[in-house]
Amino acid sequence: MERIIKGFTLQKYVPLRRFGADVKHNPLLPMKIIRTTQSRLSQVDFANLGFGSGLADHAFYAEFADGSWDEGRIEPYGPLKQGLALHALHYGQAVFEGQKAYRQADGGIAIFRPLDNAKRLNRSGERMMIPALPERLFIDGLDALIAVDQEWVPRGANQSLYLRPFLFGSSEFITARPSEEYTFGIVTSPSGELYTKPVRVKVERHFTRATSGGVGFAKAAGNYGGAFLATREAVQQGYQQVLWTDHHNHDYFEEAGTMNVAFVVRETLITPALSDRILAGLTRDSILTLCREWGIAVEERPIAVAEIVDAAKAGELNEAFGMGTAAVVSPIEAFGMDDELHQVPVPEDGIAVRVRAALADIRYGRAEDRHGWMHRVAL
Ligand SMILES: *Cc1c(COP(=O)(O)O)cnc(C)c1O
């Protein structure tokens, strides 16, 4: 079957109607799998996993050329074959995703909301003029790669296999026009429990992460390179992270580093409304869903820096935290602005702690998956 997406003909892949926890999906399309003869697994210290400390043995690749994607292949992780005119290096047509696979209580493996990551990768790609990747190829690639490297999925508490799907222009020419060929890759990395220590953040009022009409909503590679300098300066000033503000006058909060941000003012959870400057995080969406179900008042709206400073001064700011795949929630213990440091409580029974525990129970298969968020990998 052929179908047309945004002017590109995509062959062979028929999107599945539904991915739920128990839905057996179609068998994999013939995919070439070359296994390594020199596994690095025995070198991994699973008792002391950092984040992104080492890559698993294999990688998934698929190539787009002449208007269609191939069926994909798995090979030992290794160097690319392209030369230095590799398009993405010059013009930044590169987008990525970040998600995790979790070892289940029964020994199986499940991925959290992978179809939503596939859709977001294509929203990012659309903005960067990268042809759509069939969702089926995204899911099958993840499934097959995780099955091959299943021993890399850690078994320890709060550990997981971090998954990094990415899509980039892979033609070799140096004229400033869109690439003709594209490569989809997936690499994975075992990851430990990420720092849950509360962080001190700087309200960033000079640098801007994203502008209206720009690419802030996309997980586009250059957004992150563009943020390193601001983060470095914040770290040099004694902070761990930046709280991004809007591009007009830096009066409204946008995100916390590479995470979405939420505040609890009195009993209400507030978070900036999505816009083309804000990445639509799946952690954010899942947390808002759980909070609404628990009867917590949730507001998605513009949040003035002054409003939060006033709430902090009045003792009404009860929590602040970042939300993202890597750390799930990252509590903020203080935010600095104009040489003033505002303390934020980090309650042990707060919303951040509750949602972290609830999400962990769903992800590790200890609680019922009522939302159909988990996708079980066929091993
Ligand atoms: C990836 C990302 C997030 C969080 O998204 P999740 O789907 O929750 O991991 C938030 N903000 C930015 C800028 C990001 O890149």
- prompt: List the pairs whose first member sits in region 283-308 and is over 22 Å from residue 258 (Cβ atoms), whose second member is among the polar types (S, T, N, Q), and whose Cβ atoms are under 7 Å apart, counting only residues at least 6 apart or on separate chains?
  reply: 297/268; 299/268
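The rows are residues; the columns are (1) on the phi < 0 side of the Ramachandran plot; (2) within 16 Å of the ligand (Cβ to nearest atom); (3) touching a residue at least 24 places away in the same chain (Cβ under 8 Å).
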| residue | (1), (2), (3) |
| --- | --- |
| 133 | yes, no, yes |
| 142 | yes, yes, yes |
| 148 | yes, no, yes |
| 155 | yes, no, yes |
| 170 | yes, no, yes |
| 177 | yes, no, no |
| 182 | yes, no, yes |
| 187 | yes, no, yes |
| 206 | yes, no, yes |
- prompt: Any chance region 300-310 includes a residue that's surrounded by 19 or more Cβ atoms within 10 Å (Cβ to Cβ), modelled with pLDDT of 95 or more, away from the ligand (no atom under 16 Å from the Cβ) and assigned by TED's automatic domain parsing to the domain that holds residue 241?
  reply: yes
field: Qualifying position, being assigned by TED's automatic domain parsing to the domain that holds residue 30, touching a strand residue (DSSP E or B) at 6+ places or on another chain (Cβ under 8 Å) and at pLDDT below 95, among 67, 98
entry: 67
field: Which listed residue, of 110, 101, 105, is farther than 26 Å from residue 213 by Cα, in a strand (DSSP E or B), away from the ligand (no atom under 16 Å from the Cβ) and in contact (Cβ under 8 Å) with a residue 60 or more places away in the chain
entry: 110
- request: Would you check if residue 138 is aromatic (Phe, Trp, Tyr) and not in a strand (DSSP E or B)?
  value: yes
- line: Checked pairs for region 243-258, first closer than 20 Å to residue 219 by Cβ and touching a residue at least 24 places away in the same chain (Cβ under 8 Å), second aromatic (Phe, Trp, Tyr) and within 8 Å of the ligand (Cβ to nearest atom), C-beta under 9 Å and 6 or more apart or across chains, list as 258/224
message: For the list (1) assigned to a helix (DSSP H, G or I); (2) near the ligand (Cβ under 10 Å from one of its atoms); (3) polar (S, T, N, Q), I need the number of the one condition that residue 260 fails.
response: (1)
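The values are calculated or read from the model by the stated rules, or taken from the named source; none is laboratory data. Values in this document were obtained by computation on a predicted structure and should not be read as measured data. Here the Cβ is made from the backbone with ideal geometry for all residues, glycine too, and neighbour counts use every protein chain on show.
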